[in-house]
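Here the structure is laid out as structure tokens; the discussion comes afterwards.
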Amino acid sequence: MGFIKFTKGRTLSDEDRKSLQKLLDDERKKILADLKVVDHRLSKLKASKKKTKKAKKTKTKKTTR
């Protein structure tokens, strides 16, 4: 991916502006999709940690007579 250098007084043509906007929208969609995957995986990790903590608590719980 190339870089566009903007200087004072320089503008984009309508065609370039639309192309750049489309590119940015596509990248935004990819990033949001990846973020959803990461959030889903994190929620699974949190749930598994809660299960292991509960399992440890029930195993170490002392019973009194």
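A short reminder: the numbers here are calculations on the coordinates, not readings from a lab. Everything numeric here is computed off the predicted structure, so don't read it as measured data.
Multiply the residue gap between LYS49 and GLN21 by 0.36 nm, knock off their C-alpha separation, and tell me the result in nm, one decimal place. All intermediate terms of the calculation are to be shown ahead of the outcome.
Working: separation 28, 0.36 × 28 = 10.08 nm, distance 4.17 nm.
Difference between extended and current length: 5.9 nm.
Residue by residue through segment 29-44, which ³J(HN,Hα) values in whole Hz follow from phi under the Karplus form 6.51 cos²θ - 1.76 cosθ + 1.60 (θ = phi - 60°), with glycine and proline marked x?
4, 4, 5, 5, 5, 5, 5, 4, 4, 5, 4, 5, 5, 5, 5, 5
Quick one: length gained pulling LEU12 to LYS29 fully straight, 0.36 nm per residue minus the C-alpha distance?
In short, 3.8 nm is gained.
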